[in-house]
Every structure is written in C-alpha cells, then in structure tokens.
Amino acid sequence: MKYAEMRPGRIFVLSLEPGKIIREEVEKFSIEHGIRYAAVSVVGGVDKGSRLVVGPKYPIGNTIEPLNHVLDAPSEVTGFGTLFPDASGNPVLHMHGTAGREGKSVTGCFRNGMIAWFVTEVVITEMTGSGPVRKIDEESGLEAMTII
C-alpha cells in the first residue's frame, strides 16, 4: 500500500444547470478555481440519456472493454469520487454512483456522461498537500490513480 497524507482545503457547493454533463462541469470548475485535488459528491437527479460504465465486458481479453448503460428516463442519483490531476496537470474526476427510478437502480462510473437534471447538487471538498496523479496503466490501458 502507498498513501499520501492531505488536508481539507476549501469547500464548494455547486448547483448544476439541467443538461450539463457532471464530469465536465466539475473539471471545468476545478480549473477555474485552481483545484488540483478533491473529494467530490453528488446528489439529486440525472436526465434521460445519461451514460454509466457498468463493468468490463467479460471475459477480459488483451484490452479492457467497458460495458455501458444508458438511462431511459430521469432518475435519482447519488455518487462519490475523487479529483486528481493527470500527467499534464489537468484535473480528472473519477466518480462512481447509483441512479435509480421506481425501485430499480444501476451502479457504475460516471465517466461517459451523466447529465444533470433539474436538481443536481455537487459538493467539492478540496484537499491540499502533495497528492496522487492519474497515469495510464500500461497493463490495463486505464487512467489510474498513482501515489508517487
């Protein structure tokens, strides 16, 4: 195990506009406000057409191919993630969560486009210190958090 000790910094509360992509908005806001490291949570709703990565296709061959799920109606959502810079210094959000409607839910990664609905609230808790970076893992091809 490797680890980085960090401290809480500023806390931002965002209310996203309907139709905006959660990941894109968080990353854009982070650039504008100089946030390099953060814990990020979301609660509210996401719209029809939102896309989650719901696992790798199986069996896994030489490359990891993601399975995708598209929501067919507005749904409730909750999620948690981390924001760390990539090798170029750009903030990259990695968030997983659950979207549900009428007693049915789907859980996955938000990277492919979760669309804000009428009420989509985000809390960004900045972390200060020297933290992890996201690097391409040569074996999997995925951009993974790396403690240096």
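The values are calculated or read from the model by the stated rules, or taken from the named source; none is laboratory data. As the structure is a computational prediction, the values presented were derived from the model and not from experiment. Glycine also receives a Cβ, built like all others from the backbone with ideal geometry; neighbour counts cover every protein chain displayed.
Please find, within the range 1-37, the residue that is surrounded by the fewest Cβ atoms within 10 Å (Cβ to Cβ) out of those that are small (G, A, S) and closer than 23 Å to G129 by Cα. So that I can check it myself, show each step before the final result.
Within the range 1-37, the first condition is being small (G, A, S), and the residues that meet it are 4, 9, 15, 19, 30, 34.
With the extra rule that they be closer than 23 Å to G129 by Cα, the set shrinks to 4, 9, 30, 34.
On the way: A4: 14, G9: 16, S30: 23, G34: 9.
Only one residue fits best here, namely G34.
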### Number of positions in the range 46-80 that are more than 16 Å from T107 (Cβ to Cβ) and in contact with a Phe, Trp or Tyr (Cβ under 7 Å, 6 or more places away or on another chain)
2
### Message
Under 9 Å between Cβ atoms, which residue pairs at least 6 apart in sequence (or on different chains) link something in the range 81-109 that is charged (D, E, K, R) and in a loop (DSSP other than H, G, I, E, B) with a partner that is exposed (fewer than 14 other Cβ atoms within 10 Å of the Cβ) and at pLDDT 95 or above?
### Response
E102/A73
### Message
Quick check on my filter: what residues within the range 113-141 are more than 17 Å from G45 (Cα to Cα), of a type outside the set (A, V, I, L, M) and modelled with pLDDT of 90 or more?
### Response
T125, E126, T128, G129, P132, R134, K135
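Condition check: polar (S, T, N, Q), exposed (fewer than 14 other Cβ atoms within 10 Å of the Cβ) and assigned to a loop (DSSP other than H, G, I, E, B). Does N112 satisfy that? Before you say what the answer is, go through the steps one by one.
Working: polar (S, T, N, Q): yes; exposed (fewer than 14 other Cβ atoms within 10 Å of the Cβ): no; assigned to a loop (DSSP other than H, G, I, E, B): yes.
Against the criterion (polar (S, T, N, Q), exposed (fewer than 14 other Cβ atoms within 10 Å of the Cβ) and assigned to a loop (DSSP other than H, G, I, E, B)), N112 does not qualify.
Could you tell me how many of the residues in the range 108-148 are of a type in the set (S, T, Y) and over 21 Å from E24 (Cβ atoms)?
At the first step, the residues of the range 108-148 found to be of a type in the set (S, T, Y) are 120, 125, 128, 130, 140, 146.
From what's left, over 21 Å from E24 (Cβ atoms): 128, 130, 140, 146.
Qualifying residue count for the region: 4.
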#### Entry: Members of the range 54-71 found to be among the hydrophobic types (A, V, I, L, M, F, W, C) and either part of a strand (DSSP E or B) or free of Cβ contacts under 8 Å to residues at least 24 places away in the same chain (or both), listed by number
V54, I60, L67, V70
### Query
Within the range 6-53, how many residues are under 15 Å from M127 (Cα atoms) and free of Cβ contacts under 8 Å to residues at least 24 places away in the same chain?
2
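Hey, could you check the range 39-93 for residues that are among the small types (G, A, S) and surrounded by 19 or more Cβ atoms within 10 Å (Cβ to Cβ) and say which is nearest to T128 (Cα to Cα)? Steps first, answer last, please.
First, the residues of the range 39-93 that are among the small types (G, A, S): 39, 41, 44-45, 49-50, 55, 61, 73, 75, 79, 81, 87-89.
Still in the running and surrounded by 19 or more Cβ atoms within 10 Å (Cβ to Cβ): 45, 50, 75, 79, 81.
Working: G45: 30, S50: 32, S75: 34, G79: 22, G81: 16 Å.
Across the range 39-93, the extreme among qualifying residues is G81.
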### Task
Using the structure shown, decide if E126 is closer than 21 Å to H33 by Cα, buried (at least 20 other Cβ atoms within 10 Å of the Cβ), touching a strand residue (DSSP E or B) at 6+ places or on another chain (Cβ under 9 Å) and among the acidic types (D, E).
yes
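Taking the range 106-132 only, how many residues are β-branched (V, I, T) and over 15 Å from the mean Cα position of the chain (by Cα)?
If we filter the range 106-132 for residues that are β-branched (V, I, T), which is where we start, we get 106-107, 115, 119-120, 122-125, 128.
Add one more test, that the residue is over 15 Å from the mean Cα position of the chain (by Cα), and what stays is 106, 119, 128.
Looking only at that region, the number is 3.
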